[in-house]
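Quick notes on the structure that follows.
The values are calculated or read from the model by the stated rules, or taken from the named source; none is laboratory data. It should be emphasised that the depicted structure is a prediction, and the values quoted were computed from it without experimental measurement. Here Cβ is always computed from backbone atoms with ideal geometry, including for glycine, and neighbour counts include all displayed protein chains. Accessible surface is based on the protein model in full, side chains and every heavy atom, while ligands, DNA and RNA are left aside. Shrake-Rupley method; radii C 1.70, N 1.55, O 1.52, S 1.80 Å.
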Amino acid sequence: MDRGTSLNSFPGVGTAKMKALARLGLVTVGDLLTYWPRAYEDRTRVYSISDAPEAEAVCVSALVAETPVTAYIRKGLSTTKCKIVDHTGNVQVTFFNQEYVRRALTVGETYIFYGVIERRGSRLTMTNPIFEREDKARFTGRIVPIYPLTAGVSNNLLAGMALRAVEECAGELPDRLPASLRVGHALCTMEFACRNAHFPKDQEALAVARRRLVFEELFTLSLGMSFLRARRAGAEGPAFPKKITEEFVGLLPFVPTAAQRRAMEELKKDLTSGRPMNRLVQGDVGSGKTVVAAYAAWLAHAGGYQTAMMAPTEILAHQHYETLNKLLSPAGIRVGLLTGSLSAKEKKALHAALAAGEVDLAVGTHALLSQGVEYANLGLVITDEQHRFGVGQRSALSSKAQATPHVLVMSATPIPRTLALLIYGDLDVTVIDELPPGRSPVETYLVGEDKRQRMYGFVRKQVEVGRQVYIICPAVEEGETADLKAVTAYAKELAEKVFPDLRLGLVHGRLKSRDKEAAMAAFAAGEIDVLVSTTVVEVGVDVPNASLMVIENADRFGLSQLHQLRGRVGRGEWQSTCVLVSSNRSPETRERLKYFCSTTDGFQIAEKDLELRGPGDFFGQRQHGLPAMRAADLAGDTRVLKQAQDAAAELLEADPGLAEPEHRGLMAAVKRLFAEDGDIFN
């Protein structure tokens, strides 16, 4: 067996299993060797029944004392039970829907059972333990890896295959890091890292292995980001004219904040330089990013260029269209709207106007990327809520320009600097850290289930004075967790029992786009008093009349997501409120939610969230264009990230193109890491 051996050479891996493994990106032994575990189980110690700690997963050596018996409770549910014993006691073991256990466990044989022992009265019980015969045990007496799985692939199968792959082929993995770098940063060899990442000798060996893998991954990522930046620095972009900013300010019905002015100046420097701008403008909801985008489009128009602005939803595209048209049409800028719901005739007319240069600013959704959309002279691309799009779509829109266009990315998701440097490594970052005058911070309160009736009273009071209310739930339908309020059932209860006299609307992710947009539009138009919704409103409609945001089961959301939701209110002249409802008594959860109530600073909240939850919360799905990290955790590994970035900069100074023979493997690794972006290094 070697790294190139197909996984179907393992016993028990046929066509169906190969298909399932391929879904995990596993085809060869080499793929398996670099498929790192997501967690570990410590099975190094084996207990007797009486010595085994209760309520935690442990290994117990015991003999099967009776033949397992299967009972069929109802359709789709069976239980298989047996008694296991040793010289100190006995345990009743129950397996749910695992009828094979009857054949797998033999009376009189000794097995190692791994699971949680619980006391029920005077009896000890164990539910669904993992087991293996003591005389053939492969995973007892060691730290066992737990892998990310998919339907049809069990952890037992993967761990068994990985064990053999590591034993036979760990030494075949190439060591891409130059020896001097390894020694300088006290990093172990790739072979040691591979063996101890899969089957660690002990916790210390695991830490050493993990540090090596994390360093290499972040080092490779840093090299790739440097190439992206260098490629951009050498490119030529359209040079917009250096117009006087005050001319644009004269179009505004208000005085821009100092932060908005600073952002405009930074943009102006980029847009008039002759090099393509790639800039991220970050700012809390309501900080005035749209005005900054309007300024960029105004400069583009002055240079005879068109602008395309892409928003993640139709309703947001409509909103931007209304705002920008009102603001820019007095300056002679023709604004067009392109969304999927336009009729074929309307689309055709707009396509023709864009191609003829009769539209200066096209605002739209993904429709701006569709086939048949041609621009006469596209010079500026603006994307709103970038983490919803990703590098690929940004490039697709840019490719519709004749030359490299300027790119402006706007995001209301505050991202800590370390993370922003990675995710938007090819972008410069501008932060608008000031709210326009007259916007009072949203007051935030945490309440328990006992205050529910008072909260409902507060909802009613807001509607009575003419305001509107959001009520957010975290789930769409009854899940396994019974206490999770299903949004559909909850909306029905509110409509029929709590607020039968109010106009209620319902929005969730399973609705068709058209229905979702219609409900949001009705709420924006004031035709709905209370909108019950899942987090789909997080990036959504601007309703200045909405003054109350109620978030059910608030403990189930990350702080950054709560902050995004809270940003939906406080957009009008009225004092707005956000109420977090949670019956979770965990001290950590209470502290987290109380912290959220104490501040409205999005960047502080993002730093805290990163510290508490890691980066997953910022990007529920990998849509942000950053290559997938297999070993590194961007939250916990910031110190290693700094070391890796410094090391990458040092190496590139000595060998800018990684052309030296000893660096060719690294260059190949960089290209592989950024494979989704195709030819970015050509």
**Message:** Counting other C-beta atoms within 10 Å, and keeping those with at most 14, which DSSP coil trypsin sites (Lys or Arg not before Pro) do you find in region 485-568?
**Reply:** Arg510, Lys512
**Message:** Could you sort the peptides 528-535, 430-437, 11-18 by per-residue average Cβ neighbour count (10 Å cutoff), highest mean leading?
**Reply:** 528-535, 430-437, 11-18
**Amide proton proximity set for Cys59, modelled H, under 5 Å, gap of 5+** = Tyr47
**Request:** Determine, from the Cβ-Cβ distance of Ala649 and Arg672 and an R0 of 35 Å, the FRET efficiency 1/(1 + (r/R0)^6), rounded to the nearest 0.05.
**Result:** 0.95
**Message:** Below 8 Å, C-alpha to C-alpha, sequence gap of six or more: please give me the relative contact order for the chain in percent.
**Reply:** 12
**Fill in**
Two pseudo-spin positions, 7 Å from Cα along C-beta at Leu369 and at Ser343, lie apart in nanometres by 2.8
**Complete:** The farthest towards the positive end of the charge dipole of region 77-191, of the residues Ala170, Thr125, His185, given +1 on Cβ of Lys and Arg and -1 on Cβ of Asp and Glu, is Thr125
**Message:** At a 10 angstrom cut-off on C-beta neighbours, averaged per residue, how do the peptides 591-600, 179-188 rank from highest to lowest?
**Reply:** 591-600, 179-188
**Prompt:** Across 5 Å bins from the origin, how do the percents of Cα pairs in region 245-394 run, short distances first?
**Reply:** 2, 9, 20, 23, 23, 14, 7, 2, 0
**Request:** Report the one residue of Leu299, Leu327, Leu280 whose Cα lies farthest in the direction of the positive end of the charge dipole of region 269-335 (charges on C-beta: Lys and Arg +1, Asp and Glu -1; origin at the Cα centre).
**Result:** Leu299
**Request:** Report, for the chain, the % of DSSP beta bridges that are antiparallel, rounded to 5.
**Result:** 40
**Prompt:** Applying the Karplus parametrisation 6.51 cos²θ - 1.76 cosθ + 1.60 with θ = phi - 60° to the phi angles of region 169-176, what ³J(HN,Hα) value in whole Hz is obtained for each residue in order, glycine and proline being reported as x?
**Reply:** 10, 4, x, 8, 5, x, 9, 7
**Message:** Given R₀ = 45 Å, what would the calculated FRET efficiency be for Met1 paired with Glu99, taking r from the Cβ atoms and rounding to 0.05?
**Reply:** 0.85
**Message:** Run the helix sum for the chain: -39,500 (n - 2.57) per DSSP H stretch of 4+ residues, divided by residue count, reported at 222 nm to the nearest 500 deg cm²/dmol.
**Reply:** -11000 deg cm²/dmol
**Message:** Let me spell out the model: positive unit charges on the Cβ of Lys and Arg, negative unit charges on the Cβ of Asp and Glu, origin at the Cα centre of region 239-328. What dipole size does that give, in debye rounded to 20?
**Reply:** 300
**Prompt:** Contour minus end-to-end for Asp31 and Glu443, with contour as 0.36 nm per residue of separation and end-to-end as the Cα-Cα distance?
**Reply:** 143.2 nm
**Estimated dipole of region 50-202 in Debye, rounded to 20 [Cβ of Lys and Arg +1, of Asp and Glu -1, Cα centre]** = 540
**Message:** Can you tell me the length gained on complete extension of the stretch Val255 to Ser50, counting 0.36 nm per residue apart and subtracting the Cα distance?
**Reply:** 66.3 nm
**Asked** Tell me, what is a quarter of the convex hull surface for the C-alpha atoms of region 97-151, in nm² with one decimal?
**Response** 5.8
**Asked** For Ala355 and Glu204, FRET efficiency with R0 = 56 Å and r from the beta-carbon atoms, rounded to 0.05?
**Response** 0.30
**Item:** For region 318-370, the spread of Cα positions along each principal axis, largest first, Å
**Value:** 29, 24, 17
**Prompt:** Given the Cα-Cα distance of Ala525 and Glu588 and 0.36 nm per residue of separation, how much length would full extension add, in nm?
**Reply:** 18.7 nm
**Request:** May I ask you to give the percent of accessible area on the chain that is carbon plus sulfur, with a probe radius of 1.4 Å?
**Result:** 50
**Request:** Enumerate the amide H contacts of Thr272 below 5 Å, restricted to partners 5 or more residues apart or on another chain; note that Pro and chain-start residues carry no placed amide H.
**Result:** Phe240
**Request:** Report, by chain and number, residues whose modeled amide H sits under 5 Å from the one on Ile471, excluding near sequence neighbours (fewer than 5 apart, same chain).
**Result:** Leu531, Val532, Ser533, Val550
**Prompt:** What is the helix-to-structure angle for 664-673, meaning the angle in degrees between its Cα long axis and the longest Cα principal axis of the chain, kept from 0 to 90 and rounded to the nearest 10?
**Reply:** 80
**Request:** Over the chain, consider all pairs of different Cα atoms and compute the Kirkwood hydrodynamic radius from their mean reciprocal separation; express it in Å, one decimal.
**Result:** 28.9
**Request:** Taking the convex hull of the Cα atoms, report for region 1-143 its projected area averaged over all directions, in nm².
**Result:** 10.9
**Item:** Karplus-derived 3J(HN,Hα), 6.51/-1.76/1.60, for each residue of region 297-310, Hz, glycine and proline x
**Value:** 5, 5, 5, 4, 4, 4, x, x, 10, 8, 10, 10, 10, 10
**Request:** Starting at the first residue of region 547-560, write each ³J(HN,Hα) from the Karplus equation 6.51 cos²θ - 1.76 cosθ + 1.60 with θ = phi - 60°, in whole Hz, x for Gly and Pro.
**Result:** 10, 9, 10, 9, 10, 6, 6, 4, 5, 7, 9, x, 4, 5
**Asked** To the nearest 20 debye, what is the magnitude of the charge dipole of the chain about its Cα centre, counting +1 on the Cβ of each Lys and Arg and -1 on the Cβ of each Asp and Glu?
**Response** 1000
**Request:** Mind scanning Lys19/Lys642; Lys642/Lys671; Lys19/Lys83; Lys83/Lys136 and naming the pairs with a C-alpha gap bigger than 30 Å?
**Result:** Lys19/Lys642; Lys19/Lys83
**Out-of-range pairs (alpha-carbon distance over 24 Å; input Lys451/Lys512; Lys268/Lys347; Lys243/Lys326; Lys268/Lys289; Lys461/Lys492; Lys201/Lys608)** = Lys451/Lys512; Lys268/Lys347; Lys201/Lys608
**Where the chain is the region considered: accessible area per residue in Å², 1.4 Å probe** = 45
